[in-house]
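Inspection log for the structure reproduced underneath, given as C-alpha cells.
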Amino acid sequence: MNPDVLRGHMDALLLSVLEREPLHGYAIIEALQERSGGALNVPTGTVYPALRRLERIGYLASEWATVGGRKRRTYRLTDAGKKQLEGERSAWREFTNVIGGVLRANAVSR
C-alpha cells in the first residue's frame, strides 16, 4: 500500500491496535500487518517516533517489560487515548461517507 495513503491516519491505526492489549513496538507492527491482511507494512522508522509522540501527548503510556526473555518497552492506551480513538473513528466514518458519496459511479449531481 502506498505510504502516502497512511499519512494522517497513523495515530488512529496505532491507537486502535493498542485498544485490545498493551504491546511492544514490533508486536504493534505485526498487528498492523495481520489486521490489514498483509496490506500494511509500516517501517519501524514510522512507528517508533509516532509511539513516542503519542506518549508525549498523553494518549499512550509505556513501561519496560520482559517479553520472550528480552526487555522491551510496552505501550498501552490511556483514558485520553481511548477518547481520542473514539474521535478518530467518528472522523473516519464521516470522511469515508463523504468520499464514498463522491466516488460512487452512480452518484447524482444536483
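Where a number appears in this text, it was derived from the coordinates with a stated rule and is not lab data. The shown structure was predicted, so the numbers you read here are calculated from the model rather than taken from an experiment. Cβ coordinates were reconstructed from backbone atoms using ideal geometry, including for glycine residues, and neighbour counts include every protein chain displayed.
Annotations
This table checks each residue for (1) closer than 12 Å to Asp11 by Cβ; (2) among the acidic types (Asp, Glu).
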| residue | (1), (2) |
| --- | --- |
| Ile57 | yes, no |
| Leu60 | yes, no |
| Lys82 | no, no |
| Glu88 | yes, yes |
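- Every residue from segment 20-32 that is within 23 Å of Ala91 (Cα to Cα) and either of a type in the set (Gly, Ala, Ser) or surrounded by 13 or more Cβ atoms within 10 Å (Cβ to Cβ) (or both): Ile28, Ala31, Leu32
- Boolean, Ser90 is at negative phi, of a type in the set (S, T, N, Q) and either surrounded by 13 or more Cβ atoms within 10 Å (Cβ to Cβ) or in contact with a helix residue (DSSP H, G or I) (Cβ under 8 Å, 6 or more places away or on another chain) (or both): no
- Restricting segment 30-63 to residues that are among the small types (Gly, Ala, Ser) and in contact with a strand residue (DSSP E or B) (Cβ under 6 Å, 6 or more places away or on another chain), the residue that is farthest from Gly81 (Cα to Cα): Ser62
- Residues within segment 53-84 that are surrounded by fewer than 17 Cβ atoms within 10 Å (Cβ to Cβ), touching a residue at least 24 places away in the same chain (Cβ under 8 Å) and among the small types (Gly, Ala, Ser), tallied: 1
- Positions within segment 4-50 being touching a Pro at 6+ places or on another chain (Cβ under 9 Å), in contact (Cβ under 8 Å) with a residue 12 or more places away in the chain and of a type outside the set (S, T, N, Q), in sequence order: Ile29, Val42
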